[in-house]
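Contents: one structure, followed by commentary.
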Amino acid sequence: MEIVPHKSVGPIKFGMSLVQVREKLGAPIKSFLRSPISVHPCDVYSDWGVIINYTANGIVEAVELCSPETAILDGDDLLRLDYAQLQLRLAQGGEVSEDDGSLTSLPLGIGGYAPDAAKRKKTKLQSVIAFAQDYYH
């Protein structure tokens, strides 16, 4: 899916309601609470490799992509990059923070996760997340 920083991922626009997403994509395969303090469940489209995160009010705030889906930014499939390559790619857009296998670019509204990155920077990415402007505020 094509990522437009802070705006959309494929047909999913940040700010859409759960109802609008489900009308566009169909009912999710399943929903789950990401953590014990989560207020609203995420929708999981596991056949596609898409997880949609909602605010407490059921508004799209982030979309996580993993195989077999693509995460296209300016023609590059970020999911085909390794952790070190993603770090360099995101740095082209500004500051990138790194924490325990996670990379986050607030300027681009994109992050990546590779659980083994602390041991090996050339490790394969598990997922890429694109998020709305205020997701981390």
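Since every read-out is calculated from the coordinates, none of them should be taken as a lab result. Only a predicted model underlies this, so the values are computations on that prediction, with no experimental measurement involved. Quick reminder, even Gly has a Cβ in these numbers, built from the backbone with ideal geometry, and neighbours come from all protein chains shown.
Highest-first packing order for the peptide set 32-39, 43-50 is 43-50, 32-39, based on the mean count of other beta carbon atoms within 10 Å.
Remark: relative contact order (region 1-73) = 31 percent; criterion is Cα-Cα distance under 8 angstrom and separation of 6 or more residues.
At 37 °C and 0.692 mPa s, grab the translational diffusion coefficient of region 15-77 from Stokes-Einstein with a Kirkwood Rh over Cα pairs, rounded to a whole number in µm² per second.
On the way: Rh = 12.3 Å.
Reported coefficient: 268 µm²/s.
222 nm [θ] for the chain, helices only, -39500 (n - 2.57) per DSSP H run of 4+, per residue, to 500?
Numbers: 2 runs with 17 residues, N = 137.
One gets -3500 deg cm²/dmol as the mean residue ellipticity at 222 nm.
Charging the Cβ of each Asp and Glu at -1 and of each Lys and Arg at +1, and nothing else, the dipole of the chain about its Cα centre rounds to 200 debye. With contacts taken as Cα pairs under 8 Å at a separation of at least 6 residues, the chain carries a relative contact order of 23 percent. What does the C-alpha gyration tensor say about the overall shape of region 75-131? Classify as rounded when a/c is under 1.5, otherwise prolate if a/b is larger than b/c, or oblate. Prolate, since a/c reaches 1.5 and a/b exceeds b/c.
Which of the GluC sites (Glu not before Pro) found in region 7-111 are loop residues per DSSP with 14 or fewer other Cβ atoms within 10 Å of their Cβ? Kindly include the intermediate steps, with their values, before the conclusion.
Values: sites: GLU23, GLU61, GLU64, GLU69, GLU95, GLU98; in loops: GLU69, GLU95.
Taking region 7-111 and a limit of 14 other Cβ atoms within 10 Å, the loop GluC sites (Glu not before Pro) found are GLU95.
Highest average first, the peptides 77-85, 14-22 ordered by how many other beta carbon atoms sit within 10 Å of their residues are 77-85, 14-22.
With all projection directions averaged, the alpha carbon convex hull of region 1-136 covers 7.7 nm².
Residue-wise HN-Hα couplings along region 39-47, as the Karplus relation 6.51 cos²θ - 1.76 cosθ + 1.60 with θ = phi - 60° gives them from phi, are 9, 10, x, 8, 9, 10, 10, 5, 5 Hz; Gly and Pro carry x. Per-residue packing, averaged as other Cβ atoms within 10 Å, sorts the ranges 54-60, 103-109 into the order 103-109, 54-60, beginning with the highest. Working note: Karplus 6.51/-1.76/1.60 with θ = phi - 60° gives region 104-110 the couplings 9, 10, 5, x, 8, x, 9 Hz, where Gly and Pro are set to x.
A crude spin-label estimate for the pair THR123 and LYS13, with each label 7 Å from Cα along the Cβ direction, gives 3.8 nm. Distance between Cα centroids, region 94-134 to region 7-67: provide it in whole Å. Between the Cα centre of region 94-134 and that of region 7-67, the gap is 19 Å.
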